[in-house]
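Coordinate-derived values only; no laboratory data. This is a predicted model, so every value here is computed, not measured. As a convention, Cβ positions derive from the backbone with ideal geometry for all residues, glycine included, and neighbour counts pool all protein chains shown.
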2 protein chains.
Amino acid sequence: MKLEEAQQQFIASWGAFGTYWGINRTMAQIHALLMISADPLSQDDMMERLSISRGNVNMNIRDLIDWGLVNRVLIPGERKEYFSAEKDIWKVATQIVKERKKRELDPMLRLLDQLGEIEGDKKDKHIKQFTETVSSIKRFGSQTDKMLDGLVKADENWFLGNLMKMFR
Amino acid sequence: MKLEEAQQQFIASWGAFGTYWGINRTMAQIHALLMISADPLSQDDMMERLSISRGNVNMNIRDLIDWGLVNRVLIPGERKEYFSAEKDIWKVATQIVKERKKRELDPMLRLLDQLGEIEGDKKDKHIKQFTETVSSIKRFGSQTDKMLDGLVKADENWFLGNLMKMFR
DNA sequence: TCTATTTTTCAATTATTTTTGAAACTTCAG
DNA sequence: CTGAAGTTTCAAAAATAATTGAAAAATAGA
């Protein structure tokens, strides 16, 4: 398989998978392009490679920087801005976990705390079902929260090594 | 807080969070409604509780059944079909992991295998960067795959207990 | 079988999200 | 200061996804 063809396919597929993960297609494609590029790229490079508009590149690059997945790179003597992606896949995953935890899990747990106390007869089966569901989700969520904190802090090989042993 | 109010809020929020997880709002709301309901509900019940159309309920219920999160329940003497959700949150999580692995991770790994061999000079930095990125994602993906297989098989308390110790 | 009831399907509509592109803004060299 | 090069913004347009509702299909009791 030729390099260009493989690159095209990788970018297209990464973009498609991105939509499963709540990331929009273009953002995932830009990320894919930067991960497989040996050198940093400018916004114009990305526009050309992906056939998308300047505004689109600009907005999605900004989001990727917010997610901590892409960095601005200054190239001496160049006026343009260049961008490169974190290439260590473990760091990428860690960063995504960290951000998603912050954006999704933490707010969810805050909400569940507010739904704890319900007025009325604790023996009523509707009240019982509701409070049981909410509290079991809360319990599960807190455990997940702690686990992810650990995971984010852990060293790659140590973590995977241990986990591999556990599940063998 | 009153039960009805808390239920409303739980359903609305679960729906909103669902969109983060690649699940559409309505599907997540139906799931939420069934999780907090003490008794199985009919399609008409759900239409009324969530103010959505019959077709919408029907399609999303079917998806939830495909995901293994909801079951048809036969109520003796009733002509209508009733539905209930799995209420054990650990089973819910396990089921979601299993399905997403099947739908997302497995196809991704299959693709990466195809992108392995690139024609040309192995020393060329563009080829090198591409193959390195692809193979490191593949490696990471396979490890994740094995880990999730283990997780799905594992018993709740055993798993969380161990993980808690690991990360304390 | 017939028919009332319930479920399913799907084309058309509606809502949401993404993308474009041109104008506004910023930066910097001369 | 001026203006060319580069970046950002955002309203409008396009693309995508979700929802409706009515017709078709399935089901079960008489």
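Within the set of other residues whose C-beta is less than 11 Å from the C-beta of residue B:125, count the net charge using Lys and Arg as +1 and Asp and Glu as -1. Before the final figure, lay out the partial values.
Values: positive: B:122, B:123, B:128; negative: A:39, B:121, B:124, B:132.
Every neighbour counted, the sum reads -1.
For a quick check: sort B:144, B:133, B:26 by the number of other beta carbons within 10 angstrom, fewest at the front. Intermediate values should be presented prior to the final figure.
Working: B:144 16, B:133 22, B:26 19.
Neighbour counts put them in this order, fewest first: B:144, B:26, B:133.
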Give the separation of the Cα centroids, region B:67-140 to region A:1-31, in Å. 16
Place the label 7 angstrom along Cα→C-beta at residue A:22 and in each other copy, then list the distances from the first to the rest in nm, shortest first. 1.2
Taking neighbour Cβ counts within 10 Å as the exposure measure, how do B:27, A:108 sort from fewest upward? A:108, B:27
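For region B:1-121, how big is Rg over Rh, using alpha carbon atoms and the Kirkwood form of Rh? Before the final figure, lay out each step's value.
Details: Rg = 18.4 Å, Rh = 16.2 Å.
Value, to two decimals: 1.14.
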Copies of residue A:135 compared via label points 7 Å along Cα→Cβ give distances in nm, shortest first, of 5.3
Output row for residue B:68: copy-to-copy label distances, label 7 Å along Cα→C-beta, ascending, in nanometres, one decimal, is 3.3
If one builds a Gaussian network model of chain A from Cα atoms under 10 Å apart, the most fluctuating residue listed among A:136, A:13, A:37 is A:136
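Of all GluC sites (Glu not before Pro) in region A:46-154, which ones are in loop regions per DSSP and have a Cβ with at most 11 other Cβ atoms within 10 Å?
Numbers: sites: A:48, A:78, A:81, A:86, A:99, A:104, A:117, A:119, A:132; in loops: A:78, A:81, A:86, A:117, A:119.
When the GluC sites (Glu not before Pro) of region A:46-154 are filtered for loop state and at most 11 Cβ neighbours within 10 Å, A:78, A:117, A:119 remain.
Quote the charge dipole size of the protein assembly as shown about the Cα centre in Debye, to the nearest 20; the model charges only the Cβ of Lys and Arg (+1) and of Asp and Glu (-1).
On the way: 52 positive and 50 negative charges, 116 e Å.
With Lys and Arg at +1 and Asp and Glu at -1, about 560 debye.
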Positive end of the charge dipole of chain A (Lys, Arg +1 and Asp, Glu -1 on Cβ, about the Cα centre): tell me which of A:130, A:52, A:12 has its Cα farthest that way. A:130
Just which residue of chain B brings its Cβ nearest the axis of rotation onto chain A, and by how many angstrom, rounded whole? B:22, 3
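What translational diffusion coefficient, in µm²/s and rounded to a whole number, does the Stokes-Einstein relation yield for the protein assembly as shown at 20 °C and a viscosity of 1.002 mPa s, taking the hydrodynamic radius as the Kirkwood radius over Cα pairs? Kindly include the intermediate steps, with their values, before the conclusion.
Values: Rh = 22.5 Å.
The calculation lands on 95 µm²/s.
Can you tell me the dipole magnitude for chain A around its Cα centre, using point charges on the Cβ only (Lys, Arg +1; Asp, Glu -1), in Debye to the nearest 20? Show your work: numbers first, answer last.
Values: 26 positive and 25 negative charges, 97 e Å.
About 460 debye.
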Under the 7 Å Cα-to-Cβ spin-label approximation, residue A:38 and residue B:39 lie apart by a distance in nanometres of 7.0
